[in-house]
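Peer 1: My questions will all concern the structure given below.
The values are calculated or read from the model by the stated rules, or taken from the named source; none is laboratory data. Remember, it's a predicted structure, so these values are computed and weren't measured experimentally. Cβ placement follows ideal geometry from the backbone for every residue including glycine, while neighbour counts extend to all protein chains displayed.
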2 protein chains.
Amino acid sequence: MNEPPRSCPFASRRSLLAGTAALAAAITTRGAARAESAPSPEVASAPLVVPFRGPHQSGIITPAQSHTYFAAFDVAAANRDGLVELLRVWTDAAERLTLGKTAAVLDQDLAAPGADSGEALGLGASRLTLTFGFGPGIFAKDGVDRFGVAGQRPAALVDLPRFNGDQLIPAKSGGDLSLQACADDPQIAFHAVRQLARLAYGAAQIRWVQAGFLPRTPPGETPRNLMGFKDGTNNPPIDDAAAMANTIWIGEEGPAWVRGGSYVVVRRIRIALEHWDRTEVDFQEQTMGRHKYTGAPLGGAHEFDPLDLDAKDGDGNPIIAENAHVRLGSAAMNDGARILRRGYAYDDGVNFTAERWPPWRQGMEYDAGLLFIAYQRDPRTGFIRLFESMSKLDALNQFASHTGSAIFVCPPGVRAGEFIGQSLLVT
Amino acid sequence: MNEPPRSCPFASRRSLLAGTAALAAAITTRGAARAESAPSPEVASAPLVVPFRGPHQSGIITPAQSHTYFAAFDVAAANRDGLVELLRVWTDAAERLTLGKTAAVLDQDLAAPGADSGEALGLGASRLTLTFGFGPGIFAKDGVDRFGVAGQRPAALVDLPRFNGDQLIPAKSGGDLSLQACADDPQIAFHAVRQLARLAYGAAQIRWVQAGFLPRTPPGETPRNLMGFKDGTNNPPIDDAAAMANTIWIGEEGPAWVRGGSYVVVRRIRIALEHWDRTEVDFQEQTMGRHKYTGAPLGGAHEFDPLDLDAKDGDGNPIIAENAHVRLGSAAMNDGARILRRGYAYDDGVNFTAERWPPWRQGMEYDAGLLFIAYQRDPRTGFIRLFESMSKLDALNQFASHTGSAIFVCPPGVRAGEFIGQSLLVT
C-alpha cells in the first residue's frame, strides 16, 4: 500500500466503466496546464503509509507531518456498550484511512449517503496517523461513572490545574475523547476527522477542533515557529527507544491497560505576533535564551550545543537569563522533566483583541500562534512540573495567552483484531 | 534563484561564524530522525520561483499553489503620497519575498526589531505569488476622493449588489486593498502577508484575512473540494492566451491604467458539510449536475465531456436539472459569461450555527467550505451575471451560505522600475 490510488476506487451508476478513461482524458487534456501546480511523482512514490497497528499508537513519536487536525469529542453514548461500539467502528475506519482508503467501502447504491464524503479520493495516505486519547470525562463526568471504568483511571491522569495567566475558552478546552489526525496534506487530515465524526453521530460529537501546520523545512533542519525561532531543538530523540521508554511511554507505574500508552497535553497558545514583531531581536533572544537565526543557546555557537545555565557575563549576570524560556523549560531546572513537543503553528485569521500585556494595546490582531501538543509518561512530572514555574516567570508570557487546554491519556497501540482502548473496556 | 537557501542568510552577533557548522551539526544529529518528515530533495530542486514582474500580475493564471492567505486592508494614509509610498515599499518587499528572500536585508544590529519576522528563513520561494488589488474605497470612501483618483475608477469596478441569501459578515467583507498570497507552504503565504502588514503600519491595516488550502492532487487531476466533487473542470484554459485575453484580462474597454489587469471577486462560502454528508449521493449529483466520483456531467461518461443541457430522460425531463449548479453556472445559460475560478477550501474549525436550510438544524458545525476567488475581465458580465440567477435558483444554495464578500480591481503587472498601481497613481 505504498502507492496511492491514482484513480477513483468507484465509478457512479451511470458511468460505471468510465473511471479509467476519464482519468486518461483528464491527464491528456489538462496535464500541460496543471503539471506545475501538482506534487512531483517522486513525492507520490515516497513511503506514504505509517502503520496503524503496533505496540504504541502512531502519531506520537512519528516524525511530524506537515499538517494536523486535532479534534476533541464529547461522548453521548450512555453506557459501556455504546462506547465500545463507537471505538470498534472508529478503529476499523481509522485503519482504512491510514492506508489511503475510504472510511468504508463505497456502496454501489447511490440512493444513500456515501460511506465517505469523498474529498480525499485519489490522494493516497500521505503519512496519515490517527491518535486517540481518553479525557477525564471517560472515567467520571459530573460524578457519574458512565462506563464503569472509574476504578481504572490512572493516577497520572489528573485534571490540569489552573495556571497563572490562563485565559481558557471553555469551547476550545476539554473533551472526553481526543483524535489527533496528522498528514502531509491538510485535506487528508480534515477528511479523516470528518469521517470519524460522521461515524460517531449519536455516540459522540465534536467539542472543538484546531488545525495546525508546519513549514516544509529542508531535511535535517528544525522547523521555525511563528516567532521565527527554531522550535523543537531540545526534544528527546524519537529514534532512541530507551529515551522514549523513559520519558514518553507509560510503564509499570500505570494500570496494566495503559502501559505502552502516553499522556498528551494540548494548549492553544495565542501569540501576540504584532507585539513580538515590534521588539528588538536581541530582546527576543534574551526572552527565548537562544539566538534567533542559528538557534544556538545564548553563549553557545551551534544549535545543538547544550544549555550552559551557569555561564555568567562580565558583570556576573547569567548569560541565559533567570526568566528565559529555555532555562525555565529545561530538564535541569525541573528535576529532569522531559516532554516530547509535537506542536504546530495555528492561524485562525484576525479578530479583535486586547492584549494581556501591554494592556492598552488593542485592535484587529492575528489569532495565531502555537497549537502546543506534548506527550509524556506522566503529566505531573512532565508538563505540569514544567509549566507551574513557566506560567509565573517565563519572559515569553508577555506575548503568549493560553486560550485552550486539554489532557488525555492515549492508550497503547492497537494489536491485530483489537480495537482502540480494548484493554480498558473489555475485561 | 531556483535553489532555495539551505541555511540561514544571517548569523547572529554572538555566533557570526556558526551558521554553516550549526547546519551541518543539525543534519548530522537529527537527520535520521527527521528525514521522513521533510520534503524530498526533488521537491526542493523543482522550479520554485514564479516571476513577480511581467505584463500581468502573477497569481491570477499561475497554476494554483497548495495554500493561500488572502488579506484585505483598509488604507489609513490620508493622501496620494502616503498611498504611493506604501505601494512602493510593498513592491520592493513583494519582489524579494517571491524570490525566497526576507522582506528586507536583515540588519546586523540586533538592538532593533528585525526587518523580517524570520519564520520563512531557509524555506525558499515555494512558488510564492503576491497579487494586489484596489477596492472601491481607493476611488472614493464616504464620498471623499482621498487619493484624487475618483475619475479613474473603471466602470466595471461596481459595488457588488446584495444577492439573494447573502449572510455577509462586515468584518469578513470589503476592504480598500487586497493581497492574495499563494504558495506551496502555508507558512510562506502567512509570512508574506505578515511582512507586508508590518510594512504598512500607519498606512494600512488588515481588515480581514482568510487562509485556504488545496489537496495535493496527483498531476493532471482536478482537485476535489470539501463536498467531494472535482472543482474547476470547466475553467477556461490558463495556457490559452487568446482565451485569457477574452475572459480574464482587461482590454481596451477599460481606462489605460488598468489594461492587462483583472477583476477579482472573493466570497467566503460556508458549506453545511454535516447536512451535505447526510444526503444521498445521487441527490448530491443531481444538485451539482455531475457524477461525484468521475466528475462527468450527468448524461456524460468522462470528466471533460461537454455539458449537454438539452438532453432529456425517458420522461422528458432534463438530465441536468433546471436548478443544477453546473447548468446555472454554465456559459451557455449566461450569455457566454466565463470566469476563472481559483478558489481554495477553507476550514476555520467548528462553531455554533443555525443553518439557513433546514432552519431547525443547529449545533456545533464546521465553519468550513470554499474560499471562492474568481478572476474576470468584467464582473458585470462575469460573476454578477452568473450569480444573479444562481443565488436565487441553484439547488446548492441549500448547503451554502455566503458570509464574506469583496471585489477588487487588480492592476496590470509590474514592469522593471515600477511599483504596483503606478499607472493609476503617477500621471
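Peer 1: Might you check whether a residue that is at pLDDT 95 or above and surrounded by fewer than 23 Cβ atoms within 10 Å (Cβ to Cβ) occurs anywhere in the stretch B:352-365?
Peer 2: We begin by selecting, within the stretch B:352-365, every residue at pLDDT 95 or above; these are none.
No, every residue in the stretch B:352-365 fails to be at pLDDT 95 or above and surrounded by fewer than 23 Cβ atoms within 10 Å (Cβ to Cβ).
Peer 1: Hey, another quick one. In the stretch A:377-392, is there at least one residue being free of Cβ contacts under 8 Å to residues at least 24 places away in the same chain and crowded, with 21+ Cβ neighbours inside 10 Å? Lay out the reasoning, then the answer.
Peer 2: Initial filter on the stretch A:377-392 (free of Cβ contacts under 8 Å to residues at least 24 places away in the same chain): none.
Looking for residues that are free of Cβ contacts under 8 Å to residues at least 24 places away in the same chain and crowded, with 21+ Cβ neighbours inside 10 Å, one finds none in the stretch A:377-392, hence no.
Peer 1: Follow-up. I'm trying to understand the selection: among the residues of the stretch B:371-402, which are more than 13 Å from B:Val266 (Cα to Cα) and in a strand (DSSP E or B)?
Peer 2: Hits for the stretch B:371-402 are B:Ala400, B:Ser401.
Peer 1: Filter the stretch B:198-224 down to residues that are modelled with pLDDT of 95 or more, within 20 Å of B:Leu307 (Cα to Cα) and surrounded by 21 or more Cβ atoms within 10 Å (Cβ to Cβ), then give me how many there are.
Peer 2: Result for the stretch B:198-224: 2.
Peer 1: So, in the stretch B:158-176, of the ones that are among the charged types (D, E, K, R) and surrounded by 14 or more Cβ atoms within 10 Å (Cβ to Cβ), which residue ends up farthest from the chain's Cα centre (by Cα)? Outline the logic, then answer.
Peer 2: So in the stretch B:158-176, the residues among the charged types (D, E, K, R) come out as B:159, B:162, B:166, B:172, B:176.
If we keep only those that are surrounded by 14 or more Cβ atoms within 10 Å (Cβ to Cβ) too, we end up with B:166, B:172, B:176.
Details: B:Asp166: 20, B:Lys172: 15, B:Asp176: 16 Å.
Top of the filtered list is B:Asp166.
Peer 1: Continuing with the same structure: Criterion first (among the acidic types (Asp, Glu), touching a Pro at 6+ places or on another chain (Cβ under 9 Å) and closer than 30 Å to A:Leu199 by Cα) does B:Asp277 satisfy it?
Peer 2: Values: among the acidic types (Asp, Glu): yes; touching a Pro at 6+ places or on another chain (Cβ under 9 Å): yes; closer than 30 Å to A:Leu199 by Cα: yes.
Yes; evaluated as a whole, the condition is true for this residue.
Peer 1: A further question follows. Just the residues that are of a type outside the set (Gly, Ala, Ser) and under 15 Å from B:Gly133 (Cα atoms), please, taken from the stretch B:62-84.
Peer 2: Step one: filter the stretch B:62-84 for residues of a type outside the set (Gly, Ala, Ser), giving B:62-63, B:65, B:67-70, B:73-75, B:79-81, B:83-84.
Scanning the stretch B:62-84 gives B:Tyr69, B:Phe70, B:Phe73, B:Asp74, B:Val75, B:Leu83, B:Val84.
Peer 1: A further question on this structure: What number of residues in the stretch B:88-129 are hydrophobic (A, V, I, L, M, F, W, C), in contact with a Phe, Trp or Tyr (Cβ under 8 Å, 6 or more places away or on another chain) and either within 11 Å of chain A (Cβ to nearest Cβ) or within 12 Å of A:Lys292 (Cβ to Cβ) (or both)? Walk me through it before giving the result.
Peer 2: Applying the first criterion (hydrophobic (A, V, I, L, M, F, W, C)) to the stretch B:88-129 yields B:89-90, B:93-94, B:97, B:99, B:103-106, B:110-112, B:115, B:120-121, B:123, B:125, B:128.
Right, trim to in contact with a Phe, Trp or Tyr (Cβ under 8 Å, 6 or more places away or on another chain) and you get B:90, B:94, B:99, B:106, B:121.
Still in the list and also either within 11 Å of chain A (Cβ to nearest Cβ) or within 12 Å of A:Lys292 (Cβ to Cβ) (or both): B:106, B:121.
Looking only at that region, the number is 2.
Peer 1: Has the stretch A:228-241 got any residue that is hydrophobic (A, V, I, L, M, F, W, C) and more than 10 Å from chain B (Cβ to nearest Cβ)? Don't jump to the end; show me each part of the working.
Peer 2: Going through the stretch A:228-241, the residues hydrophobic (A, V, I, L, M, F, W, C) turn out to be A:229, A:238, A:241.
Now restrict to residues that are more than 10 Å from chain B (Cβ to nearest Cβ): A:241.
Yes - at least one qualifying residue is present in the stretch A:228-241.
Peer 1: When you scan the stretch A:145-157, do you find a residue that is out of contact with any Asp or Glu (no Cβ under 7 Å at 6 or more places or on another chain), of a type in the set (Phe, Trp, Tyr), buried (at least 22 other Cβ atoms within 10 Å of the Cβ) and part of a loop (DSSP other than H, G, I, E, B), even just one? Let's see the steps before the verdict.
Peer 2: Of all residues in the stretch A:145-157, those out of contact with any Asp or Glu (no Cβ under 7 Å at 6 or more places or on another chain) come to A:145-155, A:157.
From what's left, of a type in the set (Phe, Trp, Tyr): A:147.
Adding the requirement that they be buried (at least 22 other Cβ atoms within 10 Å of the Cβ) leaves A:147.
From what is left, the residues that are part of a loop (DSSP other than H, G, I, E, B) are A:147.
The answer is yes, given that some residue of the stretch A:145-157 is out of contact with any Asp or Glu (no Cβ under 7 Å at 6 or more places or on another chain), of a type in the set (Phe, Trp, Tyr), buried (at least 22 other Cβ atoms within 10 Å of the Cβ) and part of a loop (DSSP other than H, G, I, E, B).
Peer 1: Looking at B:Arg278, B:Arg290, which one is closer than 23 Å to B:Arg338 by Cα and not β-branched (Val, Ile, Thr)? Spell out how you get there, then give the answer.
Peer 2: Numbers: B:Arg278 fails: closer than 23 Å to B:Arg338 by Cα.
Checking each option against the conditions leaves just B:Arg290.
For every residue, the table says whether it meets (1) crowded, with 23+ Cβ neighbours inside 10 Å; (2) without any contact (Cβ under 8 Å) to a residue 40 or more places away in the chain; (3) over 26 Å from the mean Cα position of the chain (by Cα); (4) assigned to a strand (DSSP E or B).
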site: A:Ile238; (1), (2), (3), (4): no, no, no, no
site: A:Val265; (1), (2), (3), (4): no, no, no, yes
site: A:Trp276; (1), (2), (3), (4): no, no, no, no
site: A:Thr287; (1), (2), (3), (4): yes, no, no, no
site: A:Phe304; (1), (2), (3), (4): no, no, no, no
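Peer 1: Would you mind telling me which numbered condition in (1) in a helix (DSSP H, G or I); (2) within 14 Å of another protein chain (Cβ to nearest Cβ) B:Gly349 fails?
Peer 2: Result: B:Gly349 passes all but (1).
Peer 1: Would you call A:Tyr201 under 30 Å from A:Ala150 (Cα atoms), more than 7 Å from chain B (Cβ to nearest Cβ), without any contact (Cβ under 8 Å) to a residue 60 or more places away in the chain and of a type in the set (Phe, Trp, Tyr)? Give the derivation first.
Peer 2: Details: under 30 Å from A:Ala150 (Cα atoms): yes; more than 7 Å from chain B (Cβ to nearest Cβ): yes; without any contact (Cβ under 8 Å) to a residue 60 or more places away in the chain: yes; of a type in the set (Phe, Trp, Tyr): yes.
Here the answer is yes, as A:Tyr201 does meet what is asked.
Peer 1: Continuing with the same structure: Which number in (1) buried (at least 17 other Cβ atoms within 10 Å of the Cβ); (2) farther than 30 Å from B:Ile169 by Cα marks the one condition that A:Ser401 misses?
Peer 2: All conditions pass for A:Ser401, except number (2).
Peer 1: Just one of B:Asp81, B:Asp74 is closer than 19 Å to B:Ala204 by Cβ and within 11 Å of chain A (Cβ to nearest Cβ); which is it?
Peer 2: On the way: B:Asp81 fails: within 11 Å of chain A (Cβ to nearest Cβ).
So the residue among B:Asp81, B:Asp74 that is closer than 19 Å to B:Ala204 by Cβ and within 11 Å of chain A (Cβ to nearest Cβ) is B:Asp74.
Peer 1: Hey, does the stretch B:159-170 have a residue that's within 14 Å of another protein chain (Cβ to nearest Cβ) and at negative phi?
Peer 2: Pass one, the stretch B:159-170, residues within 14 Å of another protein chain (Cβ to nearest Cβ): B:169-170.
Within this subset, residues satisfying the condition of being at negative phi are B:169-170.
For the stretch B:159-170, residues within 14 Å of another protein chain (Cβ to nearest Cβ) and at negative phi: present.
Peer 1: Could we say that A:Glu274 is modelled with pLDDT of 95 or more and acidic (Asp, Glu) here? Can you show your working first?
Peer 2: Numbers: modelled with pLDDT of 95 or more: no; acidic (Asp, Glu): yes.
Spelling it out, it is not the case that A:Glu274 is modelled with pLDDT of 95 or more and acidic (Asp, Glu).
Peer 1: Out of (1) closer than 30 Å to A:Arg127 by Cβ; (2) facing chain A (nearest Cβ under 9 Å); (3) outside any loop (DSSP other than H, G, I, E, B), the odd one out for B:Gly212 is which?
Peer 2: Unmet for B:Gly212, out of (1) closer than 30 Å to A:Arg127 by Cβ; (2) facing chain A (nearest Cβ under 9 Å); (3) outside any loop (DSSP other than H, G, I, E, B): (2).
Peer 1: Check A:Val426, A:Val414, A:Val409, A:Val326 and return the single one that is under 19 Å from A:Pro236 (Cα atoms), β-branched (Val, Ile, Thr) and away from chain B (no Cβ under 14 Å).
Peer 2: From the options A:Val426, A:Val414, A:Val409, A:Val326, the qualifying one is A:Val326.
Peer 1: Just for the stretch B:244-257: of the residues that are under 21 Å from B:Arg342 (Cα atoms) and hydrophobic (A, V, I, L, M, F, W, C), which one is surrounded by the fewest Cβ atoms within 10 Å (Cβ to Cβ)?
Peer 2: Taking the candidates together, the pick is B:Ala245.
Peer 1: Quick test for you: out of A:Ala120, A:Ala76, A:Ala93, pick the one residue that is within 23 Å of B:Glu365 (Cα to Cα), buried (at least 24 other Cβ atoms within 10 Å of the Cβ) and in contact (Cβ under 8 Å) with a residue 40 or more places away in the chain.
Peer 2: Details: A:Ala76 fails: buried (at least 24 other Cβ atoms within 10 Å of the Cβ); A:Ala93 fails: buried (at least 24 other Cβ atoms within 10 Å of the Cβ).
Of the residues listed, the single one that is within 23 Å of B:Glu365 (Cα to Cα), buried (at least 24 other Cβ atoms within 10 Å of the Cβ) and in contact (Cβ under 8 Å) with a residue 40 or more places away in the chain is A:Ala120.
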